[in-house]
There are 2 protein chains.
Amino acid sequence: MARKRFDDSNCSVARALNQVGDWWSLLIVLHAMYGTRRFVDFQQELGIAKNILCDRLARLVENGVLKKVDVGEHGSRFEYRLTEKGRDLFPVVIALRQWGDKWNPAPDEAPLDLRDRATGQPIQTVQVQNAEGKPITVRDVFVSGEPTLGSKKDPA
Amino acid sequence: MARKRFDDSNCSVARALNQVGDWWSLLIVLHAMYGTRRFVDFQQELGIAKNILCDRLARLVENGVLKKVDVGEHGSRFEYRLTEKGRDLFPVVIALRQWGDKWNPAPDEAPLDLRDRATGQPIQTVQVQNAEGKPITVRDVFVSGEPTLGSKKDPA
DNA sequence: AGAATAGGGTTGCATCTTAAAACCAGATTA
DNA sequence: TAATCTGGTTTTAAGATGCAACCCTATTCT
């Protein structure tokens, strides 16, 4: 049977995964953040089948993550660029990259060294912070109006 | 043909997606963060097929995101709990939730109000920060030793 | 004790999705 | 005009998914 869809789930994480939660979409967004814009470039960099790339690009455009821009001097040449919605996935991508670097480091090479242009310094680890800016974990959080996330049924 | 795997990709995002990048895995982790531990509870809350749930739980255990704990008073009763690696996905999940809340809000209901237990205040929006703690976007970042992410080929 | 039920799976089958490669048509380039 | 580049669509085979039906081991009910 078909994959289950979460378009109308009452969980925003499920709905988000519905848009960028498959194997390729987030990688496409990642490469778009690196500056890739052209169909052929995505295809080469990702090693993705053309039909799948077509489908994913179309879906990302449909969901407003990318926009398809006609840059044809005379006709049919396109670029896929991030929208603000797409650029807003930056924290998600970075958090995922840092998680991957921490828990599944490449055996040989050093992780990507991302730096802030203004300071030249490496960026910080993405964290969840409380109102005072202090980093917190899943155990420090509760859903307002509901029992604590980690109390009666303490995670992990 | 088979889905392409990224186990040995030189990109840590790809490797991360290989572990938690399918439709269900991150939702399972999310619910684990909410306190769900039992097979039947995951099944009911997620509405996932049992064979798929089996497969995903096994894969998450295999990847060290969950651990399977035998809580059988006399025998065969199990709990699936987050490991530290799994708990460390917290920023990813929260960033994704906030992105979903912002860009695909539920038509009717308010987004989940997550609060810090210590202060009682809502948690902050997850951001990428530079060394000074200032939020930065994808355009502010460059890869050390490579051309700026957003310069010659400015994203978006 | 014996029957019914819950927990945690496995198996089969029909349907979707994916990867890979072939094929296409409109611009460009040589 | 012939070869290429771009961005796709089509075809085919192998996987992945969803669903329902079974299974086996505890518990719980009668």
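Where a number appears in this text, it was derived from the coordinates with a stated rule and is not lab data. Bear in mind that the values here come from a model prediction, so they are computed numbers and not experimental data. Please note: Cβ atoms are built from the backbone with ideal geometry, for glycine as well, and neighbour counts cover all protein chains shown.
Things worth noting here:
- Some residue of segment A:76-86 being more than 8 Å from every other protein chain (Cβ to nearest Cβ) and within 10 Å of the chain's Cα centre (by Cα): no
- In segment A:74-132, the residues that are more than 16 Å from DNA strand C (Cβ to nearest atom) and among the small types (G, A, S): A:G86, A:A95, A:G100, A:A106, A:A110, A:A118, A:G120, A:A131
- Number of residues in segment B:40-64 that are touching a strand residue (DSSP E or B) at 6+ places or on another chain (Cβ under 8 Å) and closer than 23 Å to A:V143 by Cα equals 1.
- Residues satisfying the stated conditions in segment B:10-21, i.e. of a type in the set (S, T, N, Q) and either touching a residue at least 60 places away in the same chain (Cβ under 8 Å) or away from DNA strand D (no atom under 16 Å from the Cβ) (or both): B:N10, B:S12
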